[in-house]
Amino acid sequence: MTQSKWIAVWSLSLSVFWAGREAQAQSRTDLIQAERIAKEANLTPWVKPKAQRVIEDVQNSVPTG
């Protein structure tokens, strides 16, 4: 095999390897983004426990002073 053919084969192999790694990284990025979107869709705001809300309502309804 001549040196130019060897370099061409080596270059092609390297580009295929890097293209595969890039595609894998891109698919991982897409997966993470899809999980974030799904999580955002299912998020609910934090709500105080009912007992705590009742206690605070009672405390706020009693006139001070």
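Read-outs throughout are calculated quantities, based only on the coordinates presented, and are distinct from any laboratory measurement. This one's a predicted model, so the numbers in the text were calculated from it and none came from an experiment. For neighbour counting, all protein chains shown are included, and Cβ atoms are generated from backbone atoms with ideal geometry for every residue, glycine included.
Karplus-derived 3J(HN,Hα) values for region 52-64, using 6.51 cos²θ - 1.76 cosθ + 1.60 with θ = phi - 60°, are 5, 5, 5, 4, 5, 4, 5, 4, 7, 8, 7, x, 9 Hz; glycine and proline are entered as x. The lysines within cross-link reach of Lys39, meaning a Cα-to-Cα straight distance under 27 Å and a gap of 8 or more places when in the same chain, are Lys48, Lys50. Computed extension gain for Ser13 through Lys50, at 0.36 nm per residue and net of the alpha carbon distance, reaches 7.0 nm. With the simple spin-label model, which puts each label point 7 Å out from Cα in the Cβ direction, the Gln59 to Arg28 separation comes to 4.8 nm.
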